[in-house]
């Protein structure tokens, strides 16, 4: 069938039926375009998903979904032209703006996800808190830019909006000063990075201690050790000291042990053996301060202290190492036929009896 025959068939149709053919043709073409474009995107994604680049597969993943919406909305708007719908052109412009913003936001999300997955596979460190903060700022920038372009497209003067926003911003700033303080507090956390998600933190100024689960723009969520969630406004961290035990390099063993007074001659050899044991212990960091010294004559014991650091910072592993060290010390004391002292009291009674004639 040539073009002239097709035109003749359209001409022979009743005028009130031609619109149906046009609408059907538009929908059919949109269906074909959507079908083939999905197959092309899937084919390209199958070729690029295993590549070393983080950008190509992120872009293809971002295109899946928004482009289908673009095709169908364009098809529906062209169908609207058949009915002389006066806003069809404006609808197409708005959809292009929204779909482009949608693709950019999805692209940012997939790039962040790919970077985190790639770092985990390569066992490389990637600060997830900073990564999330940067991507969040990018997403906010895209949304604000899209809103301004959309307003300009529908005929609203952006300059007037920005002027009104500048004047209204002062009133909003006074009304929402706490909200802004928390926002900038969150920004300082992202920039200074005193802690990250997953860190164990505590504050000597307030009753705050637990594991950081989330850092938001207004609140941070901390899971306490009794498994209760603790929600803290970000502005609080600008006024308190925060200790981050998760970033310690070692854990410390600092113990004082007492021997009996009758073991005074055995103190020095016991201390020498304990030092040798600590220097040879595989879980003790001998590059750090290591001290074993006799310190004082106690009320009922000869006191010496052990001051050393473990290689591990894990709390559970630390206690296993500490237990092993203390048991080895007890074994050394026993090997020297000495004993660990416990509180005792010796009572001396003087025989002061006198003889009378």
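Each value in this text was obtained by applying a stated rule to the coordinates, not by laboratory testing. The structure presented is a predicted model; accordingly, all values stated were derived computationally and were not measured. Here the Cβ is made from the backbone with ideal geometry for all residues, glycine too, and neighbour counts use every protein chain on show.
A crude spin-label estimate for the pair residue 109 and residue 55, with each label 7 Å from Cα along the Cβ direction, gives 2.2 nm.
The range 193-246: D in µm²/s via Stokes-Einstein (Kirkwood Rh, Cα pairs, 10 °C, 1.306 mPa s)? Present the calculation step by step, with values, prior to reporting the outcome.
Numbers: Rh = 10.9 Å.
The diffusion coefficient I find is 145 µm²/s.
Dividing the Cα radius of gyration of the range 248-335 by its Kirkwood radius returns 0.98 for Rg/Rh. At full extension, residue 93 and residue 206 could sit 35.3 nm farther apart than now, given 0.36 nm per residue minus the alpha carbon distance.
Let's test the formula: R0 of 45 Å, r as the Cβ-Cβ distance of residue 69 and residue 288. What FRET efficiency results, to the nearest 0.05? For residue 69 and residue 288, the calculated efficiency is 0.15.
A straight line joining the Cα centroids of the range 219-249 and the range 295-352 runs 36 Å.
Can you work out the FRET efficiency for the pair residue 342 and residue 226, with r the C-beta to C-beta distance and R0 = 35 Å, to the nearest 0.05? Each step should come with its number before you reach the end.
Working: r = 34 Å, r/R0 = 0.97.
That gives a FRET efficiency of 0.55.
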